[in-house]
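Here's the structure we're looking at; comments come further down.
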Amino acid sequence: MPVIDRLRPEDRDAAAALYRRVFGSDAAASSDLRWEWQYRDNPSSPGPEPMIWVAREGPSIVGQHATMPVRLWVHGRQIAASWGIDVVVAPERQRQGLGEILFGTWERNVGAALGIGLSPSSRGLFEKLRWPRLGPIPCLVKPLSRRAVKRAEWPEPLNRVVSAVALPYIRRVARPRPLGHEVRVIRQFDARFTALWERVAPKLDLAVQRDAPYLQWKYIAPPHVRYSVAALLDEGEPLGYVVYRHMREARSRVTLLVDFLVDPDDAAGLEALLRWVDREAAAADSDKIRCHCLHARFRRVLRRSGYFTRRSTLDFVVKINAWPVPASFYRRTDGWHIMLGDADLDR
Ligand SMILES: CC(C)(COP(=O)(O)OP(=O)(O)OC[C@H]1O[C@@H](n2cnc3c(N)ncnc32)[C@H](O)[C@@H]1OP(=O)(O)O)[C@@H](O)C(=O)NCCC(=O)NCCS
């Protein structure tokens, strides 16, 4: 039976070989590129060694459970938490209980365990372990051009008709509006953003702690993806920020709105940030803006700003271990601020 252990520096090659076998060479090269940033530079890491558990069989690594530590804010208290990322078991060892042992080891060692964007096998495993089911994080899309409403599964004539019918509406929601506030591009999250987080956090029921060291690491420092960041300012003081990037998909260009923070009572502030993103998306010739957002009041502002709710496949699981929570805790998620950028899915 394999031995479960923390990853040691000398295991890195064997763990990388397992990763390459299961996820392929491109994913392995990309994992290698972000490794130091992901596991050594994370300001929320509890120690210098990465929080990665491995299943060891002689000199081989036959399973890995890597995690991304974060501080989780839950109803006014802070928990040492982590996202489960890059969980993998060697194909010939799958369905023999190793995944269950690795998940159990992770859970026993963390105050709150978080997962997002599950694969069919990990979804099955979470179900077997009876983790609370929260459903997917709602997906909202704002169309900016007629290409935004085209669907790969529709025949071209149908796509042409739908996009022609939708065009006047799209033009109306996509037209530029005045910001009404000062919004500026930034490349540095300084201590003022920690103060912003401390002001806003008490109004959120659950969120990853978005202080300046975390934000700088997560959105400015990553070596594998480049984000744009803009801050909402009032006489130089930040009232909010937004993080986004533009990318090409199979049929269109999309601007991904990966994270934002404002006071949930400041709808006008969020509207200004969204208008800023509209302009940036238009300048980048994007066909749509896509955002995953759980917080109900933020979603209301998004919908008022021209976003539509689309079917989401972004499954989300969380399990609080730091203290007992009733089952109802997992059903009241309207005040939880979880977005795509929170985990490490956007790569
Ligand atoms: C996810 C993974 C780590 C699970 O490891 P594992 O050792 O096979 O897990 P276990 O043997 O403990 O399986 C426990 C349960 O998970 C579920 N499960 C595992 N593999 C599954 C699959 N391919 N399809 C559906 N459910 C699956 C089943 O409920 C299983 O219980 P059962 O065997 O009694 O039916 C492994 O399947 C894997 O490496 N998958 C490929 C990589 C991946 O998808 N990683 C997760 C990214 S989010």
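The values are calculated or read from the model by the stated rules, or taken from the named source; none is laboratory data. In this text the structure is predicted, and so the values were computed from the model without any measurement. Neighbour counts are summed over all protein chains in view; Cβ atoms, including those assigned to glycine, are modelled from backbone coordinates with ideal geometry.
Details
- Residues being of a type in the set (Val, Ile, Thr), buried (at least 16 other Cβ atoms within 10 Å of the Cβ) and within 26 Å of Tyr219 (Cβ to Cβ) - total across segment 128-185: 3
- Within segment 22-44, being without any contact (Cβ under 8 Å) to a residue 40 or more places away in the chain, away from the ligand (no atom under 16 Å from the Cβ) and within 13 Å of Ile85 (Cβ to Cβ) holds for Trp35, Tyr39.
- Filtered by the rule that a residue be at pLDDT 90 or above, of a type in the set (Gly, Ala, Ser) and surrounded by fewer than 16 Cβ atoms within 10 Å (Cβ to Cβ), segment 93-120 gives Gly97, Gly104.
- Given (1) more than 30 Å from Arg147 (Cβ to Cβ); (2) part of a strand (DSSP E or B), number of the condition Thr309 does not satisfy: (1)
- Segment 68-116, subset touching a Ser or Thr at 6+ places or on another chain (Cβ under 8 Å) and of a type in the set (S, T, N, Q), residue farthest from the ligand (Cβ to nearest atom): Ser82
- Scan of segment 186-196 for residues that are under 20 Å from Asp266 (Cα atoms) and buried (at least 20 other Cβ atoms within 10 Å of the Cβ), ordered by number: Phe193, Leu196
- The one condition from (1) closer than 22 Å to Gly115 by Cβ; (2) free of Cβ contacts under 8 Å to residues at least 24 places away in the same chain; (3) not in a loop (DSSP other than H, G, I, E, B) that Arg95 does not meet is (3).
- Taking the criterion of being acidic (Asp, Glu) and out of contact with any Lys or Arg (no Cβ under 8 Å at 6 or more places or on another chain), the residues of segment 1-27 that qualify are Glu10, Asp13, Asp26.
- Annotation note: of Thr313, Thr309, the sole residue that is at pLDDT below 95 and polar (S, T, N, Q) is Thr313.
- Scope segment 56-72; condition buried (at least 21 other Cβ atoms within 10 Å of the Cβ), under 17 Å from Trp217 (Cβ atoms) and of a type outside the set (S, T, N, Q); matching residues: Ala66, Met68, Val70, Leu72
- Selection from segment 1-43 of residues that are in contact with a helix residue (DSSP H, G or I) (Cβ under 8 Å, 6 or more places away or on another chain), in a loop (DSSP other than H, G, I, E, B) and modelled with pLDDT of 95 or more: Leu7, Asp41, Asn42, Pro43
- So Met1, is it of a type in the set (A, V, I, L, M, F, W, C), within 16 Å of the ligand (Cβ to nearest atom) and closer than 26 Å to Val208 by Cα: no
- Once segment 117-154 is narrowed to residues that are closer than 24 Å to Asp344 by Cβ and aromatic (Phe, Trp, Tyr), the residue that is farthest from the ligand (Cβ to nearest atom) is Trp131.
- Contact map, segment 289-311: residues that are not assigned by TED's automatic domain parsing to the domain that holds Ile116 paired with residues that are surrounded by 13 or more Cβ atoms within 10 Å (Cβ to Cβ) and among the acidic types (Asp, Glu), Cβ distance under 7 Å, separation 6+ or inter-chain. Pairs shown: Val301/Glu271; Ser305/Glu271.
- Taking each residue of segment 77-89 that is more than 27 Å from Asp205 (Cβ to Cβ) and looking for partners that are within 7 Å of the ligand (Cβ to nearest atom) and not in a strand (DSSP E or B) with beta-carbon atoms closer than 6 Å, six or more apart or interchain, yields Val88/Val22; Val89/Leu98; Val89/Gly99.
- Residue ranges of helices (runs of 4 or more DSSP H) in segment 98-181 with at least 3 members within 23 Å of Ile61 (Cα to Cα): 98-108, 120-128
- Selection status of Lys218, in contact with a Pro (Cβ under 6 Å, 6 or more places away or on another chain) and on the phi < 0 side of the Ramachandran plot: no
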